[in-house]
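For reference, the structure is listed below as structure tokens.
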Amino acid sequence: MTHKSKPLILGIESSCDDTSAAVVCGPQVLSNVVANQELHAEVGGVVPEWASRAHLEKIHPVVQSALDKAGVKAQDLDAVAYTLGPGLQGSLHVGTSFAKAYAWALGVPSIPVHHMRAHVLAHVLEPEPSPGCPFLCLTVSGGHTQLVKVNTPWDMEVLGQTLDDAAGEAFDKVAKLMGLPYPGGPVVDRLAQQGDPEAFAFSRPRMEGFNWSFSGLKTQVLHFLKREQAADRTFVERRKADICASVQAAILDMLCAPLMDAAKQLGIQEVAIAGGVSANSGLRARLGELATSHGWNVYVPPFAFCTDNAAMVAAVGWLDFKEGLRGELGAAPSPRLPHLRTLAAPEEG
Ligand code: KG4
Ligand code: ZN
């Protein structure tokens, strides 16, 4: 197999607790290796110091494995794309230092990538069809919840976002209150499938504009569980599927309300979801229903491209590389990046 016709891009992702490397040839994913760090499960949350140490141990073997699986030699690469932020500072340092040094040693450009932009642009990867611009993307992860209008891959507007907890965080915190393992999102999703979403009523606060607030829901669930458990200590164990289904239904209603409003106000019918929570089976089903009832074309990423992965980072690298955008070796990782527009673009603002 020869890949000479298109650029070969290595992507590196290390913003949180997943060490990942991928090789893409244009929109085609040749490999996407993700090493999850299971060590955080025992304490029920990511320990930043442990995460950066684990990245240090894993990054080289993960990159080598991505090259091997793609059948590509390091010397064949055209660029190295990496997550510059947002994320955990120590974790970002490992990935950015490795990526820039690797690119420098190979004599190819390094391309810094905004993690949230990468989640959105995972939609350009094959084999799924890509949304046409402009499209709306509901990006829902463990650290962020954003409604983004994608005018072009280089021009994105954040229409709304969470004012406190992210949607994934809401899933994880509720799971923790219930004594479920970390990360809670997938566990709540699985249990919810056997429960009644109307068993318990939780209010669905609505913020101004296209914004969200999830911290009130967590507090509601906390008080609800305390009250019920005071009356019956076996309550959570007996009703966990119904609790999960009811909480999930509230989160999904809250997530979809601004999305529906924005689609209507802006007259956009190309609608995508992205980020770890887009793996949620309830959200995927809900999008399918909205496609039918609202005439939307919906784009739901394959599972491998929902949670953190380097293929999405390599995808952005490919798009920016094609545009002639290049990063600098001095680019410093940043836990908070102000804007979703490309970091490599000169008019960053
Ligand atoms: O995008 P991601 O992998 O990492 C961040 O950038 O934050 O998202 C991780 C989040 C976690 O909060 C996790 O619980 C949530 O995505 N998540 C889910 C599901 N799978 C992952 N939440 C609900 N249902 C799922 N199936
Ligand atoms: Zn993410």
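The values are calculated or read from the model by the stated rules, or taken from the named source; none is laboratory data. Small disclaimer: the values here were computed from a predicted structure and weren't measured. Here Cβ is always computed from backbone atoms with ideal geometry, including for glycine, and neighbour counts include all displayed protein chains. With ligands, DNA and RNA removed, areas are computed over all heavy atoms of the protein, side chains included. Shrake-Rupley method; radii C 1.70, N 1.55, O 1.52, S 1.80 Å.
Here are a few things to note about the model shown:
This table checks each residue for (1) small (Gly, Ala, Ser); (2) within 16 Å of ligand 2 (Cβ to nearest atom).
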| position | (1), (2) |
| --- | --- |
| Cys244 | no, no |
| Ala249 | yes, no |
| Leu252 | no, no |
| Ala257 | yes, no |
| Ala262 | yes, no |
| Gly267 | yes, no |
| Glu270 | no, no |
| Gly275 | yes, yes |
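- Scanning segment 52-87 for residues that are assigned to a loop (DSSP other than H, G, I, E, B) and open to solvent by 50 Å² or more (accessible area, probe 1.4 Å), we see that the one that is nearest to Leu325 (Cα to Cα) is Asp78.
- Single residue of Leu159, Leu177 found to be in contact with a Leu (Cβ under 8 Å, 6 or more places away or on another chain), open to solvent by 60 Å² or more (accessible area, probe 1.4 Å) and either among the polar types (S, T, N, Q) or touching a residue at least 40 places away in the same chain (Cβ under 8 Å) (or both): Leu177
- Count - residues of segment 107-136 that are more than 20 Å from Ile12 (Cβ to Cβ) and open to solvent by 20 Å² or more (accessible area, probe 1.4 Å): 8
- Flag for Glu228 being within 16 Å of ligand 2 (Cβ to nearest atom), open to solvent by less than 60 Å² (accessible area, probe 1.4 Å) and acidic (Asp, Glu): no
- Hits in segment 81-111 - residues which are within 16 Å of Ala311 (Cα to Cα), within 20 Å of the chain's Cα centre (by Cα) and among the hydrophobic types (A, V, I, L, M, F, W, C): Ala81, Leu84, Ile111
- Restricting segment 133-151 to residues that are small (Gly, Ala, Ser) and within 14 Å of Ile251 (Cα to Cα), the residue that is farthest from ligand 2 (Cβ to nearest atom) is Gly142.
- Residues that are over 23 Å from the mean Cα position of the chain (by Cα), outside any helix (DSSP H, G or I) and not small (Gly, Ala, Ser) do not occur anywhere in segment 162-173.
- Taken together, the residues in segment 103-137 that are over 22 Å from Asp17 (Cα atoms) and touching a Pro at 6+ places or on another chain (Cβ under 9 Å) amount to 10.
- Qualifying residue in segment 222-232 (condition: more than 30 Å from Ala311 (Cα to Cα) and of a type in the set (Gly, Ala, Ser)): yes
- Conditions (1) within 16 Å of ligand 1 (Cβ to nearest atom); (2) touching a Phe, Trp or Tyr at 6+ places or on another chain (Cβ under 8 Å); (3) within 22 Å of Leu177 (Cα to Cα); number of the one not met by Ala272: (3)
- If you go through segment 115-161 and pick out every residue that is in a loop (DSSP other than H, G, I, E, B) and either under 18 Å from Gly216 (Cα atoms) or in contact with a Gly (Cβ under 9 Å, 6 or more places away or on another chain) (or both), you end up with 5.
- Within the option set Val188, Val148, being open to solvent by less than 10 Å² (accessible area, probe 1.4 Å) and in contact with an Asp or Glu (Cβ under 8 Å, 6 or more places away or on another chain) holds for one residue only, Val148.
- So Thr139, is it open to solvent by less than 20 Å² (accessible area, probe 1.4 Å), modelled with pLDDT of 95 or more and either within 16 Å of ligand 1 (Cβ to nearest atom) or in the same structural domain as Asp242 (by TED's automatic domain parsing) (or both): yes
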